[in-house]
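Since the structure comes first, as structure tokens, the remarks are kept for the end.
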Amino acid sequence: LVGPNGSGKSTLMNLMTGLLRPTRGSIKVLGIRTDQPEQLFRAVGYCTQFDSFPRGVTGREFITSFLLVHGFNKKRAQELCDVALAHVNLLEAADRKVAAYSKGMRQRIRLAQSIAHEPKVLILDEPLNGLDPMVRAETIALFRKFASEGLHLIISSHILHEVDMMSDRVVLLNNGYIVAEGNIHGVRDE
């Protein structure tokens with residue numbers, strides 16, 4: 001999803017995750033209605049663009065607590081947590097308090113939390129914000145890897161060249177309306 005600030009990207013993502021209810025119509029993700037949160041969040045991972053962490057938790061505690069809420073036993077939650085932390089290169093910092101993380105590290109720990117339960121669809125709102133160029137390139141490579149493994153990724157950005165590096169389809173939004181959609185080169189031509 002591409003568009004300027006205020007174009008409706010985050011609103012659409014909040015609708016797709018059930019955080020907002022549509023005033024008309026309905027939305028389904030993998031055939032699951034967004035008003036079925038237990039089913040929806042077993043299949044969907046969501047990484048918001050906003051920082052919001054419980055006070056005093058470490059990165060490992062942050063991820064593990066969500067996995068326990070998902071219904072995983074403690075041993076499996078710890079295993080999934082370590083895999084997610086490894087994907088975002090935060091194993092070494094996992095036992096530090098999130099409050100001491102840099103902005104880029106907080107972005108990566110949110111990404112790890114969104115992938116830890118092994119969703120089928122990953123919804124990422126501005127996932128590259130705050131990442132330095134090297135971590136940005138690593139994250140784009142990670143997204144490509146996930147896609148090649150069959151994970152569906154829906155990513156919002158307002159930077160078209162970043163979308164070009166990690167997308168096979170693009171939806172261009174403006175003022176809540178779809179302006180263009182298709183492969184990146186076709187949308188550029190429009």
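The values are calculated or read from the model by the stated rules, or taken from the named source; none is laboratory data. A quick note: this is a predicted structure, and the numbers were derived from the prediction, not measured. Here the Cβ is made from the backbone with ideal geometry for all residues, glycine too, and neighbour counts use every protein chain on show. Remember, those area values only see protein heavy atoms, side chains included, never the ligands or the DNA or RNA. Shrake-Rupley method; radii C 1.70, N 1.55, O 1.52, S 1.80 Å.
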Of (1) open to solvent by less than 10 Å² (accessible area, probe 1.4 Å); (2) within 21 Å of LEU40 (Cβ to Cβ), GLN113 fails just (1)
Given the structure, is ALA86 assigned to a helix (DSSP H, G or I) and small (Gly, Ala, Ser)? yes
Give just the number: which of (1) on the phi > 0 side of the Ramachandran plot; (2) open to solvent by 90 Å² or more (accessible area, probe 1.4 Å) does VAL69 not satisfy? (1)
Could you say whether any residue in the stretch 95-106 is within 26 Å of GLY31 (Cα to Cα) and of a type in the set (Lys, Arg)? no
Does the stretch 7-49 hold any residues that are assigned to a loop (DSSP other than H, G, I, E, B) and touching a residue at least 60 places away in the same chain (Cβ under 8 Å), and which are they? SER7, GLY8, THR17, LEU30, THR48, GLN49
It is to be established whether one or more residues within the stretch 58-74 are of a type outside the set (Lys, Arg), in a helix (DSSP H, G or I), touching a Phe, Trp or Tyr at 6+ places or on another chain (Cβ under 8 Å) and in contact (Cβ under 8 Å) with a residue 60 or more places away in the chain. no
Hey, can you tell me all the residues within the stretch 122-157 that are more than 22 Å from VAL171 (Cα to Cα) and either touching a residue at least 40 places away in the same chain (Cβ under 8 Å) or of a type in the set (D, E, K, R) (or both)? ASP132, VAL135, GLU138, GLU149
Reported set for the stretch 22-60 where residues are in contact with a helix residue (DSSP H, G or I) (Cβ under 8 Å, 6 or more places away or on another chain), surrounded by fewer than 18 Cβ atoms within 10 Å (Cβ to Cβ) and not aliphatic (A, V, I, L, M) is PRO22, ARG33, ARG42, GLN49, ASP51, PHE53, PRO54, ARG55, GLY56
Check ALA77, ALA94, ALA86 and return the single one that is open to solvent by 10 Å² or more (accessible area, probe 1.4 Å), free of Cβ contacts under 8 Å to residues at least 60 places away in the same chain and farther than 20 Å from THR17 by Cβ. ALA86
